[in-house]
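Colleague: One structure follows; several queries about it will come next.
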Amino acid sequence: MIDLVKVFPAFFLTALLLAIVPGQGVAMVLRQSIVGGKRPAFYSVLGNSSGLLIWGAASGIGLSAVFAKSPTAFNILKYAGVTYLGLLSFQTLLQVRKEFGKFDLKSNVKVNFLPAYRVGLLTNLTNVKAAVFAVAFIPQFVPKNFNLGLGIFILSCVQACASTSWYSSLILAVDKSAVALQKPRVRRALTAISALGILALALGLLFTKPR
């Protein structure tokens, strides 16, 4: 266990750098922050982190290896991700028409935990890169004298912490900019950009090929 703990700092930094790279997770967090505000964005981050733990558990028992090696399984996950991101982009574009309500970062409208959590969870579970990372990258950090499956899951927990740290900083940054975001034109422009960004990710995922 001591040997595994020693790799925590290096792995945490690596996971943090990967979280910083723009992708489905970043787009999802920004979208939730701009459209719904701070609270639903944090709920979605919890969902995203749960997805990382699920991929870690799957990798630990060898399931995500199937997605890395089987073109059919890879394509099923890929097209599920494309479909989900496409729907999320369309839903976000619909928010452009709204001036108040959930679009207001300081709104008193109640946002249920489950819908926001589900957005984060599904965003991660349909992320091909998350699956490949769990099976191809995390195992390299597990010491040879430590149980591989358990080590992968523990490091997945570390990855979830790193991811949550970065996404939380993004949410707080958006929240600090709430005054500027109260302007309808600014909010609508950012929402439209967020929707187009998610659509671009969907198109990029559509042309992703299995390794």
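The values are calculated or read from the model by the stated rules, or taken from the named source; none is laboratory data. Just so you know, these numbers come straight off a predicted model, no measurement behind them. No Cβ is skipped: glycine too gets one built from the backbone with ideal geometry, and neighbour counts run over all protein chains shown. Note: areas computed on protein heavy atoms with side chains; ligands, DNA, RNA excluded. Shrake-Rupley method; radii C 1.70, N 1.55, O 1.52, S 1.80 Å.
Colleague: Show me 142-155, 39-52 ranked by packing, highest mean number of other Cβ atoms within 10 Å first.
Modeller: Packing proxy ranking, top to bottom: 39-52, 142-155.
Colleague: Once neighbouring chains are kept in place and the probe is 1.4 Å, which whole percent of the accessible area of the range 1-75 is contributed by carbon and sulfur?
Modeller: Carbon-and-sulfur percentage of accessible area, whole number: 75.
Colleague: Right, next: Over the Cα atoms of the range 1-82, how large are the radius of gyration and the largest Cα-Cα distance (Dmax), in Å?
Modeller: 15.6, 44
Colleague: Express the accessible area of the range 1-58 per residue in Å², computed with a 1.4 Å probe while the remaining protein chains stay in the model.
Modeller: 42
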